[in-house]
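Any read-out appearing in this document is the output of simple, stated calculations on the displayed coordinates, not a laboratory observation. Please read these numbers as outputs of a predicted model, since none were measured by experiment.
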């Protein structure tokens, strides 16, 4: 069950964040790749999991998926977050209140996928 939900969340995030474009650049050059990963997320994943991802890895769809999976599984295991909607919201905004506009996009995408 965990693998299915995490995989579904990552697939949804790839569409929401970049439309599936691994070379996408957003947020004034800060968010890069298929999952629009910021430098602070690379640092967080490396620190939390002892990995050695680089900023260049954000342009590699496989490495990007791995970083996202580590982050989402961490949310699942440490914080008990298991809903696709909330996992996606936390990818967009790891701390603080979830962004209402982003969450509306997530809910719409989930509805379209069903």
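When the chain is fully extended, how far beyond the present Cα-Cα distance does residue 21 get from residue 113, taking 0.36 nm per residue of separation?
Numbers: separation 92, 0.36 × 92 = 33.12 nm, distance 1.87 nm.
The span from residue 21 to residue 113 would gain 31.2 nm if fully extended.
For segment 55-108, what is the Kirkwood estimate of the hydrodynamic radius, computed as the reciprocal of the mean inverse distance between distinct Cα atoms, to one decimal in Å?
Final number for the Kirkwood radius of segment 55-108 is 11.9 Å.
Given the options 92, 46, 77, which has the most mean-square fluctuation in a GNM of the chain, springs set between C-alpha atoms less than 10 angstrom apart?
77
In a Gaussian network model over the chain where Cα atoms closer than 10 Å are linked, find which of 40, 68, 88 has the largest mean-square fluctuation.
40
May I ask for the distance between the Cα centers of segment 86-107 and segment 30-79, given as a whole number of Å?
One Cα centre to the other: 17 Å.
Among 22, 94, 61, which one shows the biggest mean-square fluctuation in a GNM of the chain, springs joining Cα atoms closer than 10 Å?
94
Return the calculated 222 nm mean residue ellipticity for the chain, to the nearest 500 deg cm²/dmol, obtained by summing -39500 (n - 2.57) across DSSP H runs with n ≥ 4 and dividing by the residue count.
Values: 5 runs with 70 residues, N = 114.
Taking each H run of at least 4 residues, the total per residue is -20000 deg cm²/dmol.
Given a cut-off of under 8 Å on Cα pairs at least six residues apart, what relative contact order in percent is computed for segment 70-114? Before the final figure, lay out the partial values.
On the way: 23 pairs, mean separation 12.8, N = 45.
About 29 percent, as a whole number.
List, largest first, the extents of the alpha carbons of the chain along their principal axes, each in whole Å.
The principal-axis extents, from largest down, are 34, 29, 26 Å.
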